[in-house]
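K.L.:
The structure that follows is given in the form of structure tokens.
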Amino acid sequence: MGVTKVFPRVPSNTKLADEVPLLFKEPDIYYGYRDNYQPFSYYTSSVFWLHNETLNVWTHLVAVAIMVRMSWLLCSNLDILNDQYAQIFVVYCFGCCTYTLASALAHLYQSKDELTHHTCFYMDYLGVSVYGNATALACYHFASQPQFFQFWHGWFMPTNCLLSILMCFCCGYAKYRYKRPYPKTRKYWQIISSGLGYAQTISPVYHTLIYQLFTEPVLGQDFYLHLLQSALFIPGSLFFAIPYPQKLRPGFFDLVGHSHQLFHVFMSLMTYFQIKALYLNMVERRQVYTTFCDLSFSTTTGYVLLVVVIDLIIVWVLRWKTDQKIKKEAQD
């Protein structure tokens with residue numbers, strides 16, 4: 001790709017796509033790249049600059065700040081030490097904050113060098129994996145109808161653990177295996193593994209929405225919040241999957257408005273309304289879900305800890321393999 005002109009108001013301390021290594025170039029993003037191979041302090045300070053990752057960072061930095069505050073306010077009303085259901089909600093809030101923070105840090109530091117670039121996104125996938133598993137835990141216990149819970153009893157969380165770990169592995173392996181310009185196969189690895197995990201994670205909510213729509217004469221606030229968070233996921237996933245609007249006018253949306261920024265916005269809004277909906281479920285449906293089964297550490301928080309440990313092993317192995325690959329390519 002040749003860049004022959006610079007758009008007005010492009011920051012002077014950034015580079016064109018032709019001036020950075022291929023690994024760091026994004027399709028149809030021509031301007032606003034940061035220098036590579038700089039100290040970590042350079043990338044930390046770049047959070048206050050205008051470049052093509054600025055909004056990717058801030059959309060999730062703002063989101064994590066809001067989620068931490070919301071989590072603190074909501075969890076302060078709960079008996080966390082003695083109530084295992086409250087502990088489930090705390091673990092869920094931890095997952096929400098983890099994935100947004102991991103994404104913000106990944107976009108902030110990914111331009112440093114090849115190994116850091118890969119490691120950042122491996123950790124990003126870990127964050128999404130943990131969030132998915134923690135969300136499944138909360139949805140299954142707080143948002144399920146009794147018949148749904150009993151149908152999946154003993155299988156829902158083990159299945160979700162497998163799908164969450166599979167998502168982390170598939171996204172990480174595709175990042176490790178394929179080089180830019182990435183083939184469509186890499187996107188398939190991401191979309192299929194993430195889609196399967198999301199479908200199973202959110203299935204208690206979809207089942208309850210349909211059940212309430214046809215059986216309850218008056219729909220509560222939790223219904224509309226779940227409906228809204230489900231609706232927000234649709235444009236968010238589309239912006240993740242397709243390279244628009246930047247493909248329509250390459251170079252125009254480099255700093256503001258490209259698809260990944262929009263993906264972040266919709267996912268952050270989705271998570272915000274999801275937290276509110278699941279909190280209402282936990283408070284208002286307590287007489288329902290407490291009759292499902294007796295809780296234990298191994299069948300609740302233990303699942304999330306298992307996912308964290310296995311995901312960390314996957315990230316460590318992929319990082320080691322990436323380091324070996326980079327060193328081998330440097331010798332050839």
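K.L.:
Given an 8 Å cut-off on Cα distances and at least 6 residues of separation, report the relative contact order of the stretch 9-168 as a percent.
P.N.:
Working: 176 pairs, mean separation 32.3, N = 160.
So the answer I get is 20 percent.
K.L.:
With a 1.4 Å probe and all protein chains kept in place, how much accessible area does LEU108 have, in Å² rounded to the nearest 10?
P.N.:
The accessible area of LEU108 comes to roughly 10 Å².
K.L.:
Would you mind calculating the gained length between VAL317 and LEU219 on full extension (0.36 nm times residue separation, minus the Cα-Cα distance), in nm to one decimal? Present the calculation step by step, with values, prior to reporting the outcome.
P.N.:
On the way: separation 98, 0.36 × 98 = 35.28 nm, distance 4.81 nm.
That works out to 30.5 nm of additional length.
K.L.:
Compute a Gaussian network model of the chain, connecting alpha carbons closer than 10 Å, and tell me which residue from ILE275, ILE234, ILE210 fluctuates the most.
P.N.:
Comparing ILE275, ILE234, ILE210 in the GNM, the peak value goes to ILE210.
K.L.:
Would you mind calculating the relative contact order of the stretch 211-264 from Cα pairs under 8 angstrom and at least 6 residues apart, reporting the percent as a whole number? Mind dumping the intermediate values first?
P.N.:
Working: 31 pairs, mean separation 16.6, N = 54.
Relative contact order of the stretch 211-264: 31 percent.
K.L.:
Run the quick spin-label model on VAL256 and LEU238: label points 7 Å from Cα toward the beta carbon, then report their separation in nm to one decimal.
P.N.:
For the pair VAL256/LEU238, the computed spacing is 2.3 nm.
K.L.:
Here's something else I'd like to know. Over the chain, with the other protein chains present, what is the accessible area per residue in square angstrom, probe 1.4 angstrom?
P.N.:
On the way: 16220 Å² over 332 residues.
For the chain, the per-residue accessible area is 49 Å².
K.L.:
Restricting attention to the stretch 9-108, which trypsin sites (Lys or Arg not before Pro) occupy a DSSP loop and are surrounded by at most 14 other Cβ atoms within 10 Å?
P.N.:
Qualifying residues, ordered by number: ARG9.
K.L.:
In nm, to one decimal, how far is the modelled label at ALA199 from the one at CYS293, with both set 7 Å along Cα→Cβ?
P.N.:
For the pair ALA199/CYS293, the computed spacing is 2.3 nm.
K.L.:
Over the heavy atoms of TRP152, what accessible area does a 1.4 Å probe trace out, to the nearest 10 Å²?
P.N.:
60
K.L.:
Also, quick follow-up: With +1 assigned to the C-beta of every Lys and Arg and -1 to the C-beta of every Asp and Glu, and no other charges, what is the dipole magnitude of the chain about the Cα centre in debye, to the nearest 20?
P.N.:
Working: 24 positive and 20 negative charges, 186 e Å.
Taking the Cα centre of the chain as origin, the dipole is about 900 debye.
K.L.:
What full-extension length gain, to one decimal in nm, is calculated for LEU22 and ASN82 as 0.36 nm per residue of separation minus the Cα-Cα distance?
P.N.:
This chain segment gains 16.3 nm when fully extended.
K.L.:
Towards the positive end of the charge dipole of the chain, with charges on Cβ (+1 Lys, Arg; -1 Asp, Glu), say which of PRO181, PHE149, MET267 has the farthest Cα.
P.N.:
Result: PRO181, furthest along the dipole toward the positive end.
K.L.:
Hey, if we sort PHE263, PHE292 by accessible area with the 1.4 Å probe, largest down, what's the order? Display every interim value, and only then the final one.
P.N.:
Details: PHE263 40, PHE292 20 Å².
Ranked from most to least accessible, the order is PHE263, PHE292.
K.L.:
What does the charge count around HIS107 come to, taking other residues whose C-beta lies under 9 Å from its C-beta (Lys +1, Arg +1, Asp -1, Glu -1)? Numbers along the way, then the final one.
P.N.:
Numbers: positive: none; negative: GLU53, ASP124.
With Lys, Arg at +1 and Asp, Glu at -1, the neighbours total -2.
K.L.:
Also, I was wondering about something else. Explain nothing, just the number: relative contact order of the stretch 198-332, from Cα pairs under 8 Å at least 6 residues apart, as a whole percent.
P.N.:
Details: 68 pairs, mean separation 29.9, N = 135.
Worked out over the stretch 198-332, it gives 22 percent.
K.L.:
In the structure shown, do any of LYS15/LYS184; LYS184/LYS321; LYS25/LYS187; LYS15/LYS327; LYS15/LYS328; LYS15/LYS175 have a Cα-Cα gap over 20 Å, and if so which?
P.N.:
Numbers: LYS15/LYS184 27 Å; LYS184/LYS321 23 Å; LYS25/LYS187 16 Å; LYS15/LYS327 26 Å; LYS15/LYS328 28 Å; LYS15/LYS175 24 Å.
Beyond 20 Å between Cα atoms: LYS15/LYS184; LYS184/LYS321; LYS15/LYS327; LYS15/LYS328; LYS15/LYS175.
K.L.:
Related question: If each DSSP helix of 4+ residues adds -39,500 (n - 2.57) and the sum is divided by the residues in the chain, what number results at 222 nm, nearest 500 deg cm²/dmol? Before the final figure, lay out the partial values.
P.N.:
Details: 11 runs with 222 residues, N = 332.
After summing the helix terms and dividing by residue count, I get -23000 deg cm²/dmol.
K.L.:
Among LEU126, LEU22, LEU55, which one shows the highest mean-square fluctuation when the chain is modelled as a Gaussian network with alpha-carbon springs under 10 Å?
P.N.:
LEU22
K.L.:
Separate question: For the stretch 89-223, which whole percent of the accessible surface, found with a 1.4 angstrom probe, sits on carbon and sulfur atoms?
P.N.:
Numbers: 3870 of 5340 Å².
Carbon with sulfur: 73 percent of the solvent-accessible area.
K.L.:
Keeping all protein chains in position, work out how much accessible area MET167 exposes to a 1.4 Å probe, and write it in Å² to the nearest 10.
P.N.:
10
The values are calculated or read from the model by the stated rules, or taken from the named source; none is laboratory data. All of these numbers come straight from a predicted model, not from anything done at the bench. Cβ coordinates were reconstructed from backbone atoms using ideal geometry, including for glycine residues, and neighbour counts include every protein chain displayed. Accessible surface areas use protein heavy atoms only, side chains included; no ligands, DNA or RNA. Shrake-Rupley method; radii C 1.70, N 1.55, O 1.52, S 1.80 Å.
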